[in-house]
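Trainee: The structure follows.
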Protein chains: 2
Amino acid sequence: MREFDLIARIRERVASRGDVVLGIGDDAALLQVPDGMQLVVAMDTLNDGVHFPIGTAPGDIGWKALAVNLSDLAAMGAHPAWCTLSLSLPTPDRAWVDGFLDGFFALASEHDVALVGGDTTHGPLSVCVTAHGLVEPGRALRRDGARVGDDIWITGNVGDAAAALSLLQRSERVPDPLRARLDRPMPRIATGRALHGLAHACIDVSDGVLADLGHVCAASGVGARIDVDALPASEALCALSLDAGTRRQWQAAGGDDYELCFTTDPARRSELDATLSRLGVDASRIGVVVANPGIVAHDADGSAWQPSATGYVHFSD
Amino acid sequence: MREFDLIARIRERVASRGDVVLGIGDDAALLQVPDGMQLVVAMDTLNDGVHFPIGTAPGDIGWKALAVNLSDLAAMGAHPAWCTLSLSLPTPDRAWVDGFLDGFFALASEHDVALVGGDTTHGPLSVCVTAHGLVEPGRALRRDGARVGDDIWITGNVGDAAAALSLLQRSERVPDPLRARLDRPMPRIATGRALHGLAHACIDVSDGVLADLGHVCAASGVGARIDVDALPASEALCALSLDAGTRRQWQAAGGDDYELCFTTDPARRSELDATLSRLGVDASRIGVVVANPGIVAHDADGSAWQPSATGYVHFSD
């Protein structure tokens, strides 16, 4: 399969949008941003064996490569619109590419995202996606708006992906619901849109709750107190009958959750409840924003708790 | 050097633009597209040992990763505006990163391009850039507008980069001007802008003149007749005293030139001359657009000429 066969194979599966003036097939894509909207741009790369386990199904890689980028748009409160894809492959393989595209386009069509360009190269397996979204001016959710006294919330539940990865690494059986959370994260687009006017700050949880909340606190010039036993756990995670230490570690510092962590005024809890109920989304109150910089974590008894590592570190000395 | 140190190192060198609402440091960048302008998006990845020779200086890799993307914007007739960068590194190395950024930002500042986001990951050396430009509606240069009877032009000269690569691969000395063309291509932004209203079709030459002109012909539903001895050669290339076969091969099918190949109405030659003179840019007329699909190449004597390979092929069965 030559490069241009591969591009043709991708191109024939691309869905259109009215605002794509020119998609795949020229030197660059030509896009019509609606007047008065701001452009939101996120770019994330997944490398084989680093961001997904070696041997991950191609459809799951395709899904996840787009999902992690849409999750960034969700955290900004943006509508997804377009994306570009750079796919590096060590060897051409029609079945692999078709599987990859199955996963990629399954998620793209759920959110009406048009693939408008990119490239295919020869190299170690790596997938880079740039996602473009749109947001009304002043409506973007940012990291730098958390205020002292704010409630801290997290959507859904956390720790499933870390559990799946840990079990995989120990060659233990991984329950399907946990593996699905690792392989096919669901970007919280509708929730991000609904948090406008409610959330003071927002981030998506990719590196672990403590690490990502740390970015919010640093950007906002505040700190946080977190109850690690308030972190919501899925039925599948609870069914593992973990010791508290392991569960807390996976939930607070595991990463790959792609839930939204956000802060709101406690006076508006009922409004937030109503908004989330309308969407059918659960969220858990896990702590409070404080003036003192840094994050203090405690358990349900109020005893201080420290993770054995916070967040995924790509490079260390 | 941890990921966040690396991001901080990049962030402190970023230049600003008035239309960057929010740059590096949140989940995504927030950009203000001017009302009435269309967005132009190109994405290209460079992999170690595939798109640049192993051992290429980090500054040259940084320059080239941005240059190949800006060249795509040039071929569309767009103004560059913003870019995102995904940098995968096998090991953290401050000196390497600083050198890379020297080259990247040297070119970015020449064209007032703001780096607004991206990511850094652990993996084999690979650089992915997404470049964003702006163009007035209806002004974009495309591949699909070539007309039968059009002159075919190429800017500057071609073959230098292919010569440099070939000498390198044979461990021969590479003259500096040839190496510079391989390592630090100059995107033809001003020329692309000036071709509005003159060029019927345009492409940048990355895969070789014949291969890229072939894309223009295919998109336009036409063919081309090319005089390979009309392909312009630099003084440095001429100084190599090549046999005609090698020179033609490098010039017509070598790639990595990043010149613009475009077609115009022959009735407007003097207007084109005046436009290019004003810019101080040379262009050579290398052939004519014909109705018959495919490209027929001949030499100065009119004898048919065939390359031994056309263009760079990323994958082959």
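Trainee: Of a type in the set (Asp, Glu), at negative phi and in contact with a helix residue (DSSP H, G or I) (Cβ under 7 Å, 6 or more places away or on another chain): which single residue out of B:ASP176, B:ASP257, B:ASP243 fits that description?
Mentor: Residue meeting the stated conditions: B:ASP257.
Trainee: Consider A:LEU168 against the criteria (1) buried (at least 17 other Cβ atoms within 10 Å of the Cβ); (2) modelled with pLDDT of 95 or more: it satisfies all of them except one. Which criterion is unmet?
Mentor: Exception for A:LEU168: condition (2).
Trainee: Given (1) at the interface with another protein chain (Cβ under 7 Å from one of its Cβ atoms); (2) crowded, with 24+ Cβ neighbours inside 10 Å; (3) not acidic (Asp, Glu), where does A:VAL33 come up short, assuming only one miss?
Mentor: Going through the list (1) at the interface with another protein chain (Cβ under 7 Å from one of its Cβ atoms); (2) crowded, with 24+ Cβ neighbours inside 10 Å; (3) not acidic (Asp, Glu), A:VAL33 breaks only (2).
Trainee: Right, something else. In this structure, does B:ALA297 turn out to be more than 26 Å from B:GLY77 (Cβ to Cβ), at pLDDT 95 or above and either among the hydroxyl-bearing types (Ser, Thr, Tyr) or surrounded by 12 or more Cβ atoms within 10 Å (Cβ to Cβ) (or both)?
Mentor: yes
Trainee: Let me ask another. Every residue in the range B:116-149 that is within 11 Å of chain A (Cβ to nearest Cβ), surrounded by 23 or more Cβ atoms within 10 Å (Cβ to Cβ) and aliphatic (A, V, I, L, M), please.
Mentor: B:VAL116, B:VAL127, B:VAL129, B:ALA131, B:VAL135, B:ALA140, B:LEU141
Trainee: For the range A:64-71, state whether one or more residues are hydroxyl-bearing (Ser, Thr, Tyr), buried (at least 20 other Cβ atoms within 10 Å of the Cβ) and within 7 Å of chain B (Cβ to nearest Cβ).
Mentor: No, every residue in the range A:64-71 fails to be hydroxyl-bearing (Ser, Thr, Tyr), buried (at least 20 other Cβ atoms within 10 Å of the Cβ) and within 7 Å of chain B (Cβ to nearest Cβ).
Trainee: Let me ask something else about it. Within the range B:85-102, take every residue that is over 19 Å from B:GLY25 (Cα atoms) and under 20 Å from the mean Cα position of the chain (by Cα) and give me the one that is farthest from the other protein chains (Cβ to nearest Cβ).
Mentor: If we take residues in the range B:85-102 being over 19 Å from B:GLY25 (Cα atoms) and under 20 Å from the mean Cα position of the chain (by Cα), then B:ASP102 is farthest from the other protein chains (Cβ to nearest Cβ).
Trainee: To continue, here is another question. Taking A:ASP27 as the residue in question, decide whether it is crowded, with 24+ Cβ neighbours inside 10 Å, over 21 Å from the mean Cα position of the chain (by Cα) and without any contact (Cβ under 8 Å) to a residue 12 or more places away in the chain.
Mentor: Yes, satisfied.
Trainee: Can you tell me which residues in the range A:77-106 are surrounded by 24 or more Cβ atoms within 10 Å (Cβ to Cβ) and of a type in the set (A, V, I, L, M)?
Mentor: A:ALA78, A:ALA81, A:LEU85, A:LEU87, listed by residue number.
Trainee: Sort through B:VAL21, B:VAL113 and tell me the only one that's surrounded by fewer than 24 Cβ atoms within 10 Å (Cβ to Cβ), among the hydrophobic types (A, V, I, L, M, F, W, C), touching a strand residue (DSSP E or B) at 6+ places or on another chain (Cβ under 8 Å) and under 23 Å from B:ILE7 (Cα atoms).
Mentor: Of B:VAL21, B:VAL113, the one residue that is surrounded by fewer than 24 Cβ atoms within 10 Å (Cβ to Cβ), among the hydrophobic types (A, V, I, L, M, F, W, C), touching a strand residue (DSSP E or B) at 6+ places or on another chain (Cβ under 8 Å) and under 23 Å from B:ILE7 (Cα atoms) is B:VAL21.
Trainee: Within the range B:66-96, track down each residue that is modelled with pLDDT under 95 and touching a Lys or Arg at 6+ places or on another chain (Cβ under 9 Å).
Mentor: Of everything in the range B:66-96, those that are modelled with pLDDT under 95 and touching a Lys or Arg at 6+ places or on another chain (Cβ under 9 Å) turn out to be B:PRO92, B:ARG94.
Trainee: Would you please name the residue that is nearest to B:LEU134 (Cα to Cα), looking only at residues in the range A:36-63 that are within 7 Å of chain B (Cβ to nearest Cβ) and of a type in the set (A, V, I, L, M)?
Mentor: Going through the qualifying residues, I end up with A:LEU39.
Trainee: The conditions are (1) small (Gly, Ala, Ser); (2) touching a residue at least 24 places away in the same chain (Cβ under 8 Å); (3) surrounded by fewer than 22 Cβ atoms within 10 Å (Cβ to Cβ), and A:SER277 fails exactly one of them. Which is it?
Mentor: (2)
Trainee: Sticking with this one: Of all residues in the range A:160-200, count the ones that are charged (D, E, K, R), part of a helix (DSSP H, G or I) and more than 20 Å from A:GLU235 (Cβ to Cβ).
Mentor: Result for the range A:160-200: 1.
Trainee: Only one of B:ALA199, B:ALA224, B:ALA218, B:ALA252 is of a type in the set (A, V, I, L, M), buried (at least 23 other Cβ atoms within 10 Å of the Cβ) and under 25 Å from B:THR45 (Cα atoms). Can you tell me which?
Mentor: Just a single option satisfies the conditions, and that option is B:ALA252.
Trainee: Ok, one more. Quick one: in the range A:19-30, of everything that is assigned to a strand (DSSP E or B) and in contact with a Lys or Arg (Cβ under 9 Å, 6 or more places away or on another chain), which residue is farthest from the other protein chains (Cβ to nearest Cβ)?
Mentor: Among residues in the range A:19-30 that are assigned to a strand (DSSP E or B) and in contact with a Lys or Arg (Cβ under 9 Å, 6 or more places away or on another chain), the one farthest from the other protein chains (Cβ to nearest Cβ) is A:ILE24.
Trainee: Would you mind stating whether B:VAL14 is in a loop (DSSP other than H, G, I, E, B) and either in contact (Cβ under 8 Å) with a residue 60 or more places away in the chain or facing chain A (nearest Cβ under 7 Å) (or both)?
Mentor: Answer is yes for this residue.
Trainee: Take A:ALA180 and decide whether it is of a type in the set (Gly, Ala, Ser), surrounded by fewer than 21 Cβ atoms within 10 Å (Cβ to Cβ) and in contact with an Asp or Glu (Cβ under 9 Å, 6 or more places away or on another chain).
Mentor: Answer is yes for this residue.
Trainee: Moving on to the next point. Cβ-Cβ distance below 9 Å, separation of 6 or more or different chains: which pairs start in the range B:200-229 with a residue that is among the aromatic types (Phe, Trp, Tyr) and end on one that is surrounded by 22 or more Cβ atoms within 10 Å (Cβ to Cβ) and not in a strand (DSSP E or B)?
Mentor: none
Trainee: Could you check the range A:45-159 for strands (runs of 3 or more DSSP E) lying wholly inside it with 1 or more residues that are touching a residue at least 12 places away in the same chain (Cβ under 8 Å) and closer than 30 Å to A:PRO266 by Cα?
Mentor: Passing ranges, in order: A:79-89, A:126-135, A:151-155.
The values are calculated or read from the model by the stated rules, or taken from the named source; none is laboratory data. Quick caveat, the model's predicted, so the values are computed rather than measured. Every residue, glycine among them, receives a Cβ derived from its backbone with ideal geometry; neighbour counts consider all protein chains shown.
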